[in-house]
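Chemist: Sharing a structure with you now.
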Amino acid sequence: MLKHKSMKLVLGLLGCGLLLFNVGAAADEGLVCPEDIYIEIVAAPNVLNLQSAGQWVTIHTDIPFSLVGGLSWYLNGIPISVIKSDALGYFVGKFVIEDVKDEVVEGWNTLTLIGTTLDEPDNPPLAFCGSCEIRVINVQATGR
């Protein structure tokens with residue numbers, strides 16, 4: 001979760017309209033956001049089987065959904081497919097699992113989510129990011 005000090009900084013940056021950058025370019029170039037606007041993320045599943053028939057990789061965050069801007073979110077350069085709010089009002093994003101499988105290898109992988117806040121007349125969008133580790137396996141199910 002965003003720590004109290006971090007939230008004050010984020011809200012202060014929102015009010016000042018500081019720290020702008022192009023998220024699409026950042027996704028393409030693999031750039032990472034400065035730590036002072038880092039958000040916590042958790043991936044589900046946290047162990048991804050390359051042989052699975054799942055549909056989504058879901059990213060849970062600690063940024064309020066009300067601050068999130070449009071579809072300007074990327075996971076390791078993959079555009080977001082579904083956005084929603086969880087029961088606590090935090091942003092949740094879903095990414096097509098086959099797209100994620102194309103970007104990972106067996107073993108430990110870092111998933112990095114980058115995106116922007118809402119673009120409002122008095123508050124230009126700000127960049128946010130967060131990273132988490134997932135384990136990738138390649139196990140074929142065996143019939144019994």
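Just so you know, all these numbers are worked out from the coordinates, no wet-lab data involved. These numbers were taken from a predicted model, which means no experiment stands behind them.
Chemist: For region 79-144, what is the largest minus smallest coordinate of the Cα atoms on each principal axis, given in angstrom and ordered from greatest to least?
Modeler: Projected onto the principal axes, the Cα atoms of region 79-144 cover 60, 24, 19 Å.
Chemist: Let me ask another. How large is ³J(HN,Hα), in whole Hz, for each residue of region 59-66 in order, when computed from phi with the Karplus curve 6.51 cos²θ - 1.76 cosθ + 1.60 and θ = phi - 60°, using x for Gly and Pro?
Modeler: Coupling constants for region 59-66: 10, 9, 10, 10, 9, x, 4, 5 Hz.
Chemist: Shifting gears a bit: At 0.36 nm per residue, minus the direct Cα-Cα distance, what do CYS132 and ILE83 gain on full extension? Give it in nm, one decimal, please.
Modeler: On the way: separation 49, 0.36 × 49 = 17.64 nm, distance 1.86 nm.
Length difference between fully extended and current span is 15.8 nm.
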